[in-house]
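Structure, as structure tokens:
What follows draws every value from the coordinates through simple rules; no lab data is involved. This structure is a prediction, so every number in the text was calculated from the model and none was measured. With ideal geometry, Cβ positions are generated from the backbone for all residues, glycine too; neighbour counts draw on all protein chains shown.
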Amino acid sequence: MATRSVRPTLLGVHQTTGHHYYEMPLQKLEDWPEQLTLASRHFALFLASDANVISDEVYTLVAQRAARQGLALLYAYGPKSRRVHDLFDAVLWLGSYGDNDWTILTVGQWESDYTLEDAVECFFEAEPIEEWVATCDSYLVVVVGNEEWTHRVRNTLIELLRSPEFDKERPDSAS
């Protein structure tokens, strides 16, 4: 499936949560790598794509690969993100990826008037189900075929990583 070598790039580590935030912009979703090297066994995925131009088969193949690589949490964003959610959901629930409880969350245009930045902030604050909290410290952002979205997502994540306000709002952070 992967036609060129792509790797996630670490954007930063949050001082309070210890979450590692990565980006992996893709020209095409088919470029999803065979292997992911991340800081933790499981990972959260923010997938921003236009499902009007990507086939169900490609999403299904990526969902299967991501499940094998440790996907624990999904946020889908973009046109037809509900369809992306449903395809990942079908793979994770119907596939043979072990006895895992999956957290599949979709934040997108189908559901509300979230801006891309709002959706990234929701992802930044997300946690997987309790059983996976200890093994899910990697948060991967993948934007497919949209340089403007890539820059907006990167800038939002970097701003959030630098923001002292985020730490103050968390109940487990020291005041």
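Structure data summary
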quantity	calculated
Region 28-39 - phi-based ³J(HN,Hα) in whole Hz, Karplus 6.51/-1.76/1.60, Gly and Pro as x	9, 4, 4, 7, 3, x, 5, 10, 10, 10, 10, 6
Amide H contacts under 5 Å for Leu140, placed H, 5+ residues apart	Tyr22, Ala44, Leu45, Phe46
Cα pair distances of region 11-163 binned at 5 Å [whole percent]	2, 10, 21, 24, 23, 14, 5, 1, 0
Using θ = phi - 60° and Karplus 6.51 cos²θ - 1.76 cosθ + 1.60, couplings along region 127-140 (whole Hz; Gly, Pro as x)	10, x, 4, 3, 4, 10, 4, 5, 10, 10, 10, 9, 10, 9
Sparse-neighbour loop sites [GluC sites (Glu not before Pro); region 13-55; at most 12 other C-beta within 10 Å; DSSP]	Glu34
Residues whose placed amide H lies under 5 Å from that of Gly12, excluding near-sequence neighbours	Tyr21
Residue-wise HN-Hα coupling along region 71-87, computed from phi with Karplus coefficients 6.51, -1.76, 1.60 (Hz; x: Gly, Pro)	4, 10, 8, 10, 10, 10, 9, x, x, 6, 5, 4, 5, 4, 3, 5, 5
Neighbour net charge for Val58 - beta-carbon separation under 9 angstrom, K R +1, D E -1	-2
18 Å reach of a label modelled at Gln35, 7 Å along Cα-to-Cβ, counting backbone N of region 57-78	65-71
